[in-house]
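Here is the structure we will look at, set down as structure tokens.
The values are calculated or read from the model by the stated rules, or taken from the named source; none is laboratory data. Because the structure is a prediction, the values reported are computed rather than measured. Note: ideal-geometry Cβ built from the backbone for every residue, glycine included; neighbour counts use all protein chains shown. Remember, those area values only see protein heavy atoms, side chains included, never the ligands or the DNA or RNA. Shrake-Rupley method; radii C 1.70, N 1.55, O 1.52, S 1.80 Å.
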Amino acid sequence: MDILAKERKVRELEGKIAELDNEELVKKLEVEIKRYKEETMTNLTAWDRVLLARHQLRPTSLEFINYMCDDFIELHGDRLFRDDKSIIAGIGNIRGNVVTIIAQQKGKSLEENLERNFSMPHPEGYRKALRLMKQAEKFKRPIITLIDTPGAYPGLGAEERGQGEAIARNLFEMSALTVPVIAVIIGEGGSGGALALGVANTVLMLENSIYSILSPEGYATILWKDATLASEAAEAMKLTSNDLEEYGVIDRIIKEPLGGAHFNKEETFRNTKQAILEELHNLKRFTGIELREKRIKKYRGFGFFQRFNYDNLKGVK
Amino acid sequence: MNDLIKAFENRKSSKNKFKIQRKISKASSVKTDVPKGLYEQCPNCKETVNVKATIENNFICKSCNEHFRVRAVDRIKITVDLGTFVEKGHGYITLNPLFQDGYEEKIIAYKEKTNLDEAYIYGYCEINGMPTVIGVMDSYFLMGSMGSVVGEKVTKSFEYALYKKLPIIIFTASGGARMQEGIFSLMQMAKTSAAAWKIAEQKQLYITVLTNPTTGGVTASFATLGDIILAEPNALIGFAGPRVIEQTINQKLPEGFQKSEFLEKKGFVDKVVHRDDMKDTLGKLLLFHRRYQ
Ligand SMILES: [Zn+2]
């Protein structure tokens, strides 16, 4: 039984509570729900987390921004082509810290998703992000990015306008920024399209988010020629927050309520805000150049390989 | 984390039994696009061509001008001054970060088949008498995909250029990410882009030459970050693969989409250069950027 089936069962029980007017019975059921959640929703599989990361009710970037910021002004456009609505960017105030926020936005409905292009940015989205990151650097504002995308959009216009170049340029420029950069993966961290906002001093990740080179479905298709093996692929790919923290790819996991972020959004937002404030504070003691050097050094270190010393190998001249 | 490190340490020691070839010039058994034999049909135009003449013609079909994919070794042969290439930074092997079954065996097999260290080699060379660092990807090595080792070696080649205060030229040819290495493959994009930034910071020349095919994570990192971006004719260059795009938009791609000439027209490639002219073009560019003391 995957996490969605368990959630359906919880919802069913909750529905029963709504129908009851016997207080004692309600209490009993509530205890039972709590027990059921604790029993079944604590040890999630990688595939469970994939399902949660893509959950229809999972909070989107805008909800995070609305909760975390006392004030937020959205800024539009890349000054070159158009405004890409799959990326929301602007200046906000998080408990007295003025920051630039750049976030990938999923829709809640089909209509919204069409407007947001399912949170799959075009090059102009990445160029808007870069424009506002450079602006943040100019005015010495820290940068917070919220990552939630299946990937950069693979389409005619996106290719024509240089999707690859746009992503590369962001990686290039982000690695050298002289202000604190904090990336938070709040849902799906899909491939280069996620990394293009993810070169950060500190990478945070919500407990049930995923971060990977491609979708488990894609992975199963390419390596095993069978898309139905997606749940096995999710396991093999090491895309969960626990795995990635172990590998050092992310720095900190943000706790989610039992059953996923959507079961208690307020708690999710509170935890996220707290983590961001703490990390902002941690990064304050570094100068701009130190921040840049630390960032570049961190990414310089990624990779698992070994180098041979040939002179020590016999028979090789 | 400690367990992990221990696991990798164990792997390291078990690796030592594999013999790795050092000489890259030795003939390899890899099957290339150029047909084998005396007279064969060109896979592109179906004309019967003289194989030896084709190879001598820089691996270009004389009848249809198709630029066949060349191995890294051959690329170096046709690009640099005779005898000037010195390979640097060889001897890497991936430690299979995701513990994928059969991945290491595959890498070893490719190493033996191609006589290459990995899908990327680099070193010192001279082009028309001017010293430079050159790096070449080999698309016959697991589609030139970028894993830990390719990312590390690309970064190393930038660092070598920094250290030697030389320009750097990289020939790209890659299907994108090394899926078997998962998130580590993704991280190489950030790593190599940061290395390219360091070269730019020192105002050292960086030229990329995009060859067939350059797609995915390589396009979205160091390949498109050159001060000057050249491309070979009719090479496939893009971020998403043509099939992925066709599936997404549910229609056939227009003729010539994602080809070098298309990218030049759209402003993402400085110049499409015929393989016969590549060496001289690079030589001229190096000359234009020579630093006078
Ligand atoms: Zn031909």
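For region B:53-96, the set of residues classified as assigned to a loop (DSSP other than H, G, I, E, B), within 16 Å of the ligand (Cβ to nearest atom) and open to solvent by less than 20 Å² (accessible area, probe 1.4 Å) consists of B:CYS61, B:PHE68, B:VAL70, listed by residue number.
Whether any residue in region B:141-164 is modelled with pLDDT under 95 and in contact with a Leu (Cβ under 7 Å, 6 or more places away or on another chain) is what I want to check. Yes, region B:141-164 contains at least one residue that is modelled with pLDDT under 95 and in contact with a Leu (Cβ under 7 Å, 6 or more places away or on another chain). With respect to being part of a strand (DSSP E or B), open to solvent by 10 Å² or more (accessible area, probe 1.4 Å) and in the same structural domain as A:ALA168 (by TED's automatic domain parsing), A:ASN93 fits the description. The number of residues in region A:173-188 that are within 11 Å of chain B (Cβ to nearest Cβ) and open to solvent by 20 Å² or more (accessible area, probe 1.4 Å) comes to 1. Answer yes if at least one residue in region A:151-171 is charged (D, E, K, R), open to solvent by 20 Å² or more (accessible area, probe 1.4 Å) and not in a helix (DSSP H, G or I), and no otherwise. Yes, the conditions are met somewhere in region A:151-171.
In this entry, A:GLU63 is excluded by the filter for residues that are in a helix (DSSP H, G or I) and open to solvent by 60 Å² or more (accessible area, probe 1.4 Å).
Checked across region A:192-206, the condition of being more than 30 Å from A:GLY259 (Cα to Cα) and more than 9 Å from every other protein chain (Cβ to nearest Cβ) holds for no residue.
Summed over region B:159-192, residues that are at negative phi, within 14 Å of the chain's Cα centre (by Cα) and more than 7 Å from chain A (Cβ to nearest Cβ) total 10.
Within region B:244-251, is there a residue that is assigned to a loop (DSSP other than H, G, I, E, B), closer than 27 Å to A:ALA166 by Cβ and more than 22 Å from the chain's Cα centre (by Cα)? Looking through region B:244-251, at least one residue is assigned to a loop (DSSP other than H, G, I, E, B), closer than 27 Å to A:ALA166 by Cβ and more than 22 Å from the chain's Cα centre (by Cα). Checking each residue in region A:66-90 for being part of a loop (DSSP other than H, G, I, E, B), surrounded by fewer than 18 Cβ atoms within 10 Å (Cβ to Cβ) and out of contact with any Asp or Glu (no Cβ under 9 Å at 6 or more places or on another chain) picks out A:ASP70, A:LEU75, A:ARG79. Of the residues B:LYS265, B:LYS259, B:LYS252, the single one that is surrounded by 15 or more Cβ atoms within 10 Å (Cβ to Cβ) and among the basic types (Lys, Arg) is B:LYS259. Just give me the residues in region B:193-236 being among the aliphatic types (A, V, I, L, M), open to solvent by less than 20 Å² (accessible area, probe 1.4 Å), more than 8 Å from every other protein chain (Cβ to nearest Cβ) and under 26 Å from B:PHE59 (Cβ atoms), in sequence order. Within region B:193-236, B:ILE207, B:VAL209, B:LEU210, B:VAL218, B:ILE229, B:LEU230, B:ALA231, B:ALA235 meet the criteria.
Does A:ARG295 qualify as being assigned by TED's automatic domain parsing to the domain that holds A:MET133, surrounded by 21 or more Cβ atoms within 10 Å (Cβ to Cβ) and over 18 Å from the mean Cα position of the chain (by Cα)? Yes, satisfied. For region B:152-166, the count of residues that are open to solvent by less than 10 Å² (accessible area, probe 1.4 Å), in contact with a Ser or Thr (Cβ under 7 Å, 6 or more places away or on another chain) and not in a helix (DSSP H, G or I) is zero. Screening B:ASP101, B:ASP117 for residues that are open to solvent by less than 10 Å² (accessible area, probe 1.4 Å), out of contact with any Ser or Thr (no Cβ under 7 Å at 6 or more places or on another chain) and either within 16 Å of the ligand (Cβ to nearest atom) or within 14 Å of chain A (Cβ to nearest Cβ) (or both) leaves exactly one candidate, B:ASP117. The residues on offer are B:GLY89, B:GLY83, and the sole one that is on the phi > 0 side of the Ramachandran plot and either of a type in the set (S, T, N, Q) or out of contact with any helix residue (DSSP H, G or I) (no Cβ under 6 Å at 6 or more places or on another chain) (or both) is B:GLY83. Taking the stated definitions as given, is B:GLY283 over 21 Å from B:SER139 (Cβ atoms) and either buried (at least 19 other Cβ atoms within 10 Å of the Cβ) or within 10 Å of chain A (Cβ to nearest Cβ) (or both)? Considered against the rule, which asks whether it is over 21 Å from B:SER139 (Cβ atoms) and either buried (at least 19 other Cβ atoms within 10 Å of the Cβ) or within 10 Å of chain A (Cβ to nearest Cβ) (or both), B:GLY283 comes out as no.
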